[in-house]
Every structure is written in structure tokens, then in C-alpha cells.
Amino acid sequence: MTYEKTLDYLFARLPMFQRVGAAAYKADLNNTIAICQALGNPEKKLKCVHVAGTNGKGSSSHMLAAVLQQAGYKVGLYTSPHLVDFRERIKVNGKLISKNDVVKFVEDYKETFEKIEPSFFEWTVGLAFHYFVQQEVDVAVVEVGLGGRLDSTNVINPVACLITNIGFDHQALLGETLPLIAAEKAGIIKAKVPVTISQTQIEVLAVFNNKAHEVKAPIEFADKNFKILGHLYEKGSLKTEVLHRKHNTKHHYELDLLGSYQLKNLLGVLNTIAILQQKGFIIEDEDVSKALKQVQKITGIQGRWQTLNIKPLIIADTGHNEDGIKEVLENLKRYEYKQLHFVIGVVNDKDISKILKLLPKDATYYFCKASIPRALDEIELSEKAKKVGLIGKSFKTVAEALEKAKKQAKVSDLIFVGGSTFTVADALS
């Protein structure tokens, strides 16, 4: 099989949440356990850091991987979904898994796995763990796909866990309230494994404390140990001063990830690094500073407040739920522009009414449909938007919408691309 035929096989045969949504979600770990057993239980041979949360888990995973790599460790990084290339999900020291490795894995285990009937995500988790063991990584940073408790990645026994923020997303699968969603995320907390919570959120505080107490896991809230003293944007970087409360020391960091929401993620990352240092990982302050300046270069992360063009300024961001869109709008405030052009596409299995109400009425909208079955029809999106006073035109593809925005935008305007991870993926493609 060629690499292209291998991918066609995976996409066609295995249900994929990225494409079809809830139908691909398996609410148990049985398939993953069976896959791992068939592979000789690679998950038991890995040192892992496990990362969950509603928003920020991808950025936090990439930051941790960058720091560990800068400190001299061979680092596996598993994230999802991919934006342009399937292989983005599985990296070692920032380098994508090779096409040959993907093909060989599918050829070697196709027959065995077909008896298990796994989802696309379950298959991919098996591939990642298998590959990391083959590559003899020192540590693997593993991002949860969805939720935590029943996520396929939750077969690992990590050295440390990080849970970012809790917000409303995937309520049909995770629960309709923040405590219910938090309980699913808290499912990654393991017996005696230290866990960091990036943000103290009163509504879910008890959920995390109770789970940690139940399994005797040391728990720390990053914003209790670290405090952002100030920040500014300068020459394409986000500069910040952070107080380490335990040591009463101040540290200056320069981030190449420019969304202001990265400041929340930064605290969780710093606290997790401190825990890893206590666990015997040799990570110098200089490693942290150097890595945070070049997370994009070290890991290849895309789609996080990413500049696609300068004149006119085009920015893409994968923030897609209520909290994510609030962050997008907050970040847009720091730019000077004459007119905002908003290229937006969403998925069809989420309530987008709250998101649409948040969006500015004076922007020019380009409603579009990403190239996945889950994408909401552009006409339907346009009609929903019109009900809350958002006016624009509809386009069958993200490419058409972006091209039209570029033609209409003046040099002093700003074009934003988002609403869904997959809208950004199509723009990058």
C-alpha cells in the first residue's frame, strides 16, 4: 500500500470523530486495551506527561515538549486533531512520523486490528505508543483527544498530569454542566501521580480536589504558585514577567505563541515543569526561556493565533467554543484596523447560538463550510447568524471565502479565519 492508500483505508474504514463526530466516540477503553495488548503493551514502557482540558491542552502540550527537548531529552509528542497532515499527530523531537512508518504499522496490524474494530483515534493512539517505544523516546507528552476518563490515551500511567481550563464543549458526550465536564477531565488523575490544574475555577474546584484526595494524588493549582505580573507585545513576541510565589523570585519569558490566552497555559506549563524537576528531570531555567521563545520552530505547532499574511493582516486561530471565541475577540482588540473581515465555518453538532451572539455586528462575514462531513452547511450558518444581526455572504469552501475576503479587504483591514479547527485547517491547506 502507498501512504495515500493507507490513509484512504484509515479514513474510510475507521470511524473518525474529526470527520463524523459522536458516532466515532467509543465510551470505554476496551478497544484501546486490546490494541495495546496486541502491540505488547507499549504504553507501559513509556514515561509520559498526560495533558487534558477544554481549551489550551494542545498549546500546553507543545510548550512542554519544546522545553523537554530544549533540555536535551528525546521527546515524543501525541496531539489531535491534525490540521494539514495526519502525521502532525505523532512527532519525535518535532519531526513528523515518516510515511513509511505509518504504512508499515497499518500493514503489520491491519488483520489483527480489524477483529477489534477500533475507531480511527484508537488505531492512532496504538500507532503513537508503538512508534514512541520504537524510537526509544525519553519522555512522551500525550494530549487527551476528548474528555479524559474514557479517552483512548487514558491507558497510560504518567509521571505527571496537567489539566488546563474547563469550559463548555462536547456537552452531549461529557455532560451539560462544568462539574460534569470537569469530572470527565479529572478521570486522568491517577493514584499518587502529581497533577497540575492551570486555572482555579470555583465551579469545579471541589471536583478536582475530591478526585485527587480519593486516589492520593498530589494536586497543585498553578495560579496559586505562579502569578503573571504583567505582559506586553513587542517585535512579534509576547513578553511577560512571572512571580514564582514559592521561591519569591521573578522570571521574564518571551513567547512566540502570541494569543493572550497563552499566559494561562504558561502557568500550568511552569508548574508541571517544576514537578518534573522534583521527579529528577534536569531542566534548567535557561532551557525553559529558550524553548518558550521558539515553540513553533521546535514543535511545528500551527493554528494558534497564527499570522498568515501581513498586508492585509490575516490571522487564524483554532478557538472554537464559547471561551475560545471570547479569547479571540479579546486578542483582536489589540490591533488597529479599519474593517474586520471574519471568515467563519463551524461544525454541525454544537449549539453555536451563544458563540454567534458574541461576534461583532460591524464585521463583514464570509460564511463557509470546511471540508469534513461534520461541517455545518454554509447557508444554514448564514441564516443562524442573520438572526443575531451578523451579515455576510456564503461560500461553499473555506478557500473561496478566504479568497473573496482577500479581494475585498484593504491593506489597513484585518481578516480573521476561525470558528472551527477545521476551518483553520482548510485555510492552512
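The values are calculated or read from the model by the stated rules, or taken from the named source; none is laboratory data. Everything numeric in this text was worked out from a predicted model, so none of it was measured. Cβ atoms come from the backbone with ideal geometry, glycine included; neighbour counts cover every protein chain shown. To get the accessible areas, we keep the full protein, side chains included, count just its heavy atoms, and leave off ligands, DNA and RNA. Shrake-Rupley method; radii C 1.70, N 1.55, O 1.52, S 1.80 Å.
Panel note: the C-alpha atoms of the range 183-296, placed on their principal axes, show extents of 47, 33, 29 Å (largest first).
Judged by the mean number of other Cβ atoms found within 10 Å, the most tightly packed of the peptides 279-286, 401-408 leads the ranking 401-408, 279-286. Here the range 272-427 is treated as an ellipsoid with the same Cα gyration tensor; its semi-axes, largest first and in whole Å, are 33, 18, 14. Taking every alpha-carbon pair under 8 Å whose residues sit at least 6 apart, the chain reaches a relative contact order of 16 percent. With the gyration tensor restricted to C-alpha atoms of the range 27-145, the semi-axes of the equivalent ellipsoid amount to 23, 16, 14 Å, longest first.
Rg/Rh for the range 336-402 (Cα atoms only, Rh after Kirkwood) is 0.95. Residue ranking by accessible heavy-atom surface, 1.4 Å probe, largest first, among SER98, SER59 comes out as SER98, SER59. For LEU255, the residues whose modelled amide H falls within less than 5 Å of its own, excluding neighbours fewer than 5 places apart on the same chain, are LEU238, LYS239, THR240. Taking every alpha-carbon pair under 8 Å whose residues sit at least 6 apart, the range 303-413 reaches a relative contact order of 28 percent. In percent, rounded to a whole number, the relative contact order of the range 185-230 is 49, using alpha-carbon pairs under 8 Å and six or more apart. Taking every alpha-carbon pair in the range 185-228 and binning the separations at 10 Å intervals from zero gives 30, 56, 14, 0 percent. Each other residue within a Cβ distance under 12 Å of LYS357 adds +1 if Lys or Arg and -1 if Asp or Glu, for a net charge of +3.
Note on the range 160-260: antiparallel DSSP beta bridges, both residues inside, total approximately 70 percent of the bridges counted. Principal semi-axes of the equivalent ellipsoid, √(5λ) from the alpha carbon gyration tensor of the chain, are 32, 28, 21 Å from largest down.
Of the accessible area of the chain, with the probe set at 1.4 angstrom, what percent is carbon plus sulfur?
49
Top mean-square fluctuation among SER80, SER371, SER61, Gaussian network model of the chain, C-alpha springs under 10 Å? So, out of SER80, SER371, SER61, the one fluctuating most is SER371.
Using the 1.4 Å probe convention, the accessible area of the chain works out to 43 Å² per residue with neighbouring protein chains retained. Rolling a 1.4 Å probe over the protein chains gives TRP123 an accessible area of about 0 Å². Rg/Rh for the range 310-358 stands at 0.98; both radii use Cα atoms, and Rh follows the Kirkwood definition. Taking the convex hull of the Cα atoms, report for the range 44-90 its projected area averaged over all directions, in nm². If I average the Cα hull's projected area over directions, I get 3.9 nm².
Phi angles across the range 295-303 convert, under the Karplus curve 6.51 cos²θ - 1.76 cosθ + 1.60 with θ = phi - 60°, into 3J(HN,Hα) values of 4, 5, 5, 6, 10, x, 4, 10, x Hz, Gly and Pro given as x.
Across ASP287, ASP8, ASP317, the residue with the most accessible area heads the list, and the full order at a 1.4 Å probe is ASP8, ASP287, ASP317. For the range 334-388, the list of GluC sites (Glu not before Pro) that fall in a loop by DSSP and count at most 11 other C-beta atoms within 10 angstrom reads GLU336. Note on exposure: SER412, SER119 ranked by accessible area (1.4 Å probe, complete protein assembly) read SER412, SER119, with the most exposed listed first. Taking packing as the residue-averaged number of other Cβ atoms within 10 angstrom, the listed peptides 234-241, 37-44, 251-258 run from highest to lowest as 251-258, 37-44, 234-241. Sparse packing (at most 11 other Cβ atoms within 10 Å of the Cβ) combined with a DSSP loop state is found for the following trypsin sites (Lys or Arg not before Pro) in the range 200-233: LYS216.
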